[in-house]
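Taking it in order: structure first as structure tokens, then the write-up.
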Amino acid sequence: MKLKNCRVLITGASGGLGQHIASGLAQQGARLGLVDLRQEALQTQQTALKAAGCPEVHAVSADLTSADGRSRAINEIRNALGGIDLLINNAGVVDFHDFSHQDPAMIERIYQINLIAPIQMAREILPGMLEQGSGKIVNIGSTFGSIGFAYFSAYSGSKFGVRGFSESLRRELDGSGVDLCYIAPRAVKTPANSDAVYHMAEATKMNMDEPEDVARFIIESITKDRSNAYYGWPEKLFVRINALLPGLVDSALRKQNRIMARFAPKNV
Ligand SMILES: NC(=O)c1ccc[n+]([C@@H]2O[C@H](COP(=O)([O-])OP(=O)(O)OC[C@H]3O[C@@H](n4cnc5c(N)ncnc54)[C@H](OP(=O)(O)O)[C@@H]3O)[C@@H](O)[C@H]2O)c1
């Protein structure tokens with residue numbers, strides 16, 4: 001896919017990863033529709049992108065867990081850009097927690113923003129793409145969407161859902177002119193991760209990437225029309241081993257799980 005003049009709607013656009021994806025898209029000449037929760041962060045980003053020479057940037061603050069919020073964001077961006085060629089479902093929340101103590105409201109939020117919102121955004125935008133005979137939907141998943149991680153149970157479950165949805169819809173869209181790309185980063189240094197995650201990652205030697213590098217990989221995956229893209233070695237190998245021999249991965253993770261237990265919050 002070529003990004004010059006491409007009409008993009010990106011969610012979570014002013015978050016840790018989203019802001020780097022947005023500026024990478026702008027550098028390639030894309031016309032941007034930014035969607036995020038916080039108006040102020042969006043305005044700052046919009047000003048910075050315009051100052052950096054972005055040809056066109058619109059911003060809508062909306063809560064994507066509500067049907068009204070999603071429809072308003074889509075309509076405003078679609079009207080401003082005259083259509084949507086690329087939807088990047090990036091907004092999400094991460095919660096590292098002992099599941100037996102995790103706040104039920106947080107579990108609800110994880111599934112609303114990580115899984116329901118991308119599915120409903122795709123549902124609302126897809127008919128316009130099919131009508132124009134072209135377009136791409138990008139769903140940001142996670143390595144944890146292929147390997148269930150202890151103390152990320154609700155989060156992992158939501159990303160398994162994103163991966164399953166992406167695979168099914170990609171097959172359904174075959175030959176339609178609309179592509180679907182599922183991209184799975186491993187841990188990234190963004191505000192999504194709590195201090196507890198950073199401490200746990202240090203103790204377990206978990207790889208954590210810079211958001212700039214992951215954003216570059218995401219943009220490359222879009223321009224190279226990849227269907228599935230996993231970031232980082234050896235995680236992408238573990239994804240395959242886990243699919244074939246999950247018992248082997250159970251044993252391999254046992255020691256790490258015990259360390260993770262020390263850091264996982266146990267309060268609601
Ligand atoms: N960071 C990682 O380790 C990691 C690893 C693999 C995959 N990912 C995935 O990468 C994506 C981006 O994550 P990130 O690390 O960049 O997180 P982030 O820095 O927290 O950014 C996420 C953005 O989404 C926004 N958002 C949250 N709930 C929303 C809602 N209801 N409506 C609209 N916007 C909402 C957030 O706004 P507020 O800040 O105002 O809440 C924030 O700006 C997510 O899908 C995440 O699951 C992250």
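What is the set of long-range amide H partners of Asn193 at a cut-off below 5 Å, with H atoms built 1.01 Å from backbone N?
none
According to a simple spin-label model (label point 7 Å from Cα along Cα-to-Cβ), what is the distance in nm between Arg38 and Thr204?
Going from the Thr204 label point to the Arg38 one covers 2.7 nm.
Per residue, how much accessible area does the chain show when a 1.4 Å probe rolls over the protein heavy atoms, in square angstrom?
Accessible area per residue: 47 Å².
If you fit an axis through the alpha-carbon atoms of helix 153-172 and take the longest principal axis of the Cα set of the chain, what angle between them do you get, 0 to 90°, nearest 10?
40 degrees
Using R₀ = 45 Å, calculate the FRET efficiency as 1/(1 + (r/R₀)^6) where r is the Cβ-Cβ separation of Lys266 and Lys224; round to 0.05.
The calculated FRET efficiency here is 0.55.
Just to confirm the number: angle between the C-alpha axis of helix 18-27 and the first principal axis of the chain, 0 to 90 degrees, nearest 10?
40 degrees
At 7 Å along Cα-to-Cβ for each site, give me the label-to-label distance between Lys255 and Lys2 in nm.
In this crude label model, Lys255 to Lys2 measures out at 5.3 nm.
Dipole size in debye (nearest 20) for the chain around its Cα centre, Lys and Arg Cβ +1, Asp and Glu Cβ -1?
Around 500 debye, computed over the chain.
Tally up the carbon and sulfur contribution to the accessible surface of region 169-221 as a whole percent, 1.4 Å probe, everything protein left in place.
43 percent
Between Phe99 and Gln27, what is the label-to-label distance in nm when each label sits 7 Å out along the Cα-to-Cβ direction?
4.0 nm
Could you tell me the relative contact order of region 7-263? Use alpha-carbon pairs under 8 Å, at least six residues apart, and round to a whole percent.
That works out to 18 percent.
The values are calculated or read from the model by the stated rules, or taken from the named source; none is laboratory data. These numbers were taken from a predicted model, which means no experiment stands behind them. A quick note on method: Cβ atoms are made from the backbone with ideal geometry, for glycine too, and the neighbour counts reach across all protein chains shown. Surface accessibility is based on the protein's heavy atoms, side chains included, excluding ligands, DNA and RNA. Shrake-Rupley method; radii C 1.70, N 1.55, O 1.52, S 1.80 Å.
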